[in-house]
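Asker: Take this structure first; my questions come after.
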Amino acid sequence: MPLALAQLQDLRERISDRLRPWSRSAQFWVRAADIYTSYKVCQLRTGFVKDEDEREAMWEQQHELGAQKMYSLCSELGGLFLKAAQILGKPDLAPMAWVKRLVTLCDRAPATPYDVVRDVVEKQFGKNFDDIFEFFDVEPVGSASIAQVHRARLKLSKTDVAVKVQHPGAEHLMMVDIRNMQAMSLFLQKYDINFDLFSATKEMEKQICYEFDFVREARAMERIREFLRVTNKKPPVMVPRVIPGMVSREVLVMEFIKGTPIMNLGNEMAKRGIDPGGKIAAMAKQKILSDLTLAYGQMILKDGFFHADPHPGNILICKDTEVALLDYGQVKEMPEDLRLAYANLVVAMADDDLLRAEEGFRELGIKTRTIADNKLEELFQLSLRMFDTRLPPGVTVMSPFADDSSLTKIGVESFPEELFSVLRTIQLLRGLTVGMGLTFSCAQQWRPIAEEALLKAGRLRASKPKQKRSFLRRLFW
């Protein structure tokens, strides 16, 4: 190629790289505005319709349209929006039309070409690729927004491993995405949602920066693996073992764990002749959820250092219904005072103690304002919606836009950034609960762990006279 032509091509590529963030931002805002305005128009139109069935049909049609538009936004832009799809694609948070579309985006980010993967591995480890691996599957097992994972076998030890390789250039685009999402969150919390969304996106920004450091992820994985090992006779979940000497900032090699993705559990049961809706399946699901929830209760309340990304793509079901928890890019260490304050709130939720729940909110630094006459009851309902997995009977969707949402009566003006990872973890666990068709309260399972944490800190006290919920007990159980 002539020198002048090569220079021209290089100039074009540099200009394209400079313009890409602007183009990406423009695409986001055009699509986001389209989705938002279509819902506001539907909200206005349904206000003039008296027939409830007709209103319901109008909303279902809108949800189908909105789901398609959101799917296009997340799948075509990728990056951070794939993570947004993981959060929104939960049956307890979004309309079912959204869930059906967005849940298909787990592990479906565009894959980095194999040749580029080879180059990244060789540069990070300073060795020839073929000297490291006896076998390396060209097709990734899964590809997410930050990295993709390949199955391989080490040449020297003959060990089957999972090789996690970072997508080149992904970090810069993620930062563009988070800025746009933060601007959108400021708009929504000003006009539509009585919740401090901006603090949530600030915490998300911190976590995303951490996710691009695989050395940090490896240390987190080993710490949690060891904690669960010494805390239990048998750890409630399996954590992959890091292969020593095979970790860099952009490449992480760990043991390969074979299992069925939790989203495919029903299909796998059917293949084995087990009725997914039968008693045997229900018992298996209950054990899976109980083990997973126990692990999180111990991590959050006992140690304060926990895996903060339990979306379905990170959970495998292995032999004898053992649970494997993958991907430790998002972990969180809670400050001691916040951990104990949350333990106090867990006890309040488990005991249906309204006064203690209000005290827990203050202690956690959650600032609220209310227009409700029954402030304590509404605040308690909000605490359950935010920090417990139980749902009202027959309810599978809890939208912040709903007329009966507690956020319309209790506005959250300030929410500690450090607490967002706990909130997100609970919401994802609730999504799993709903997806399995179970009724489950993590607060009730965690109560003994929370009391142990408070006792160890010298904070377990005799309970004050409780103001228990009356209508709420009937509402939830």
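The values are calculated or read from the model by the stated rules, or taken from the named source; none is laboratory data. If you're wondering where the values come from, they're calculated on a predicted model, not measured in any experiment. Don't worry about glycine lacking a Cβ; one is built from the backbone with ideal geometry, like all the others, and counts go over all protein chains shown. To get the accessible areas, we keep the full protein, side chains included, count just its heavy atoms, and leave off ligands, DNA and RNA. Shrake-Rupley method; radii C 1.70, N 1.55, O 1.52, S 1.80 Å.
Asker: Residues with amide H under 5 Å of T368's amide H, sequence separation 5 or more or different chain, H placed in the peptide plane at 1.01 Å from N; which?
Answerer: Close amide H contacts, sequence-distant or interchain: E413.
Asker: Name the residue from L265, G297, A147 whose Cα lies farthest towards the positive end of the charge dipole of the chain, charges +1 on Cβ of Lys and Arg and -1 on Cβ of Asp and Glu.
Answerer: G297
Asker: Continuing with the same structure: Please list, by residue number, everything in the stretch 328-363 whose backbone N is under 18 Å from a paramagnetic label point 7 Å out along Cα→Cβ of T231.
Answerer: Label zone hits: 328-347.
Asker: Does the stretch 258-462 classify as rounded, prolate or oblate by the C-alpha gyration tensor (a ≥ b ≥ c root eigenvalues; a/c under 1.5 gives rounded; else a/b over b/c gives prolate, otherwise oblate)?
Answerer: Taking the square roots of the gyration eigenvalues as a ≥ b ≥ c, the stretch 258-462 is prolate.
Asker: Sticking with this structure for a sec: Using helices alone, I'd like the mean residue ellipticity at 222 nm for the chain: each DSSP H run of four-plus residues gives -39500 (n - 2.57), total over residue count, nearest 500.
Answerer: So the helix-based figure for the chain works out to -18000 deg cm²/dmol.
Asker: Any idea of the accessible area per residue across the chain, 1.4 Å probe, to the nearest Å²?
Answerer: Dividing the accessible area of the chain by its residue count gives 48 Å².
Asker: To continue, here is another question. Tally the DSSP beta bridges in the chain and give the antiparallel ones as a percent, rounded to 5.
Answerer: 90
Asker: In the stretch 269-362, which trypsin sites (Lys or Arg not before Pro) are in a loop and have at most 15 other Cβ atoms within 10 Å, using DSSP for the loop call? Can you show the working numbers first?
Answerer: On the way: sites: K271, R272, K279, K285, K287, K302, K319, K332, R339, R356, R362; in loops: R272.
Here the sparse-neighbourhood loop sites are R272.
Asker: With the full set of protein chains in place, find how many percent of the accessible area of the chain is carbon and sulfur; take the probe as 1.4 Å.
Answerer: Working: 12440 of 22960 Å².
Carbon and sulfur atoms account for 54 percent of the accessible area of the chain.
Asker: Right, here's the next one. Taking a ≥ b ≥ c as the square roots of the eigenvalues of the Cα gyration tensor of the chain, is the shape rounded (a/c under 1.5), prolate (a/b larger than b/c) or oblate?
Answerer: oblate
Asker: Something else now. Going by the alpha-carbon gyration tensor, a ≥ b ≥ c the square roots of its eigenvalues, is the stretch 102-141 rounded (a/c under 1.5) or, if a/c is not under 1.5, prolate (a/b greater than b/c) versus oblate?
Answerer: Working: a/c = 3.37, a/b = 2.32, b/c = 1.45.
Note, shape of the stretch 102-141 comes out prolate.
Asker: Compute the projected area of the convex hull of the Cα atoms of the stretch 31-185, averaged over all viewing directions, and report it in nm² to one decimal place.
Answerer: 11.2
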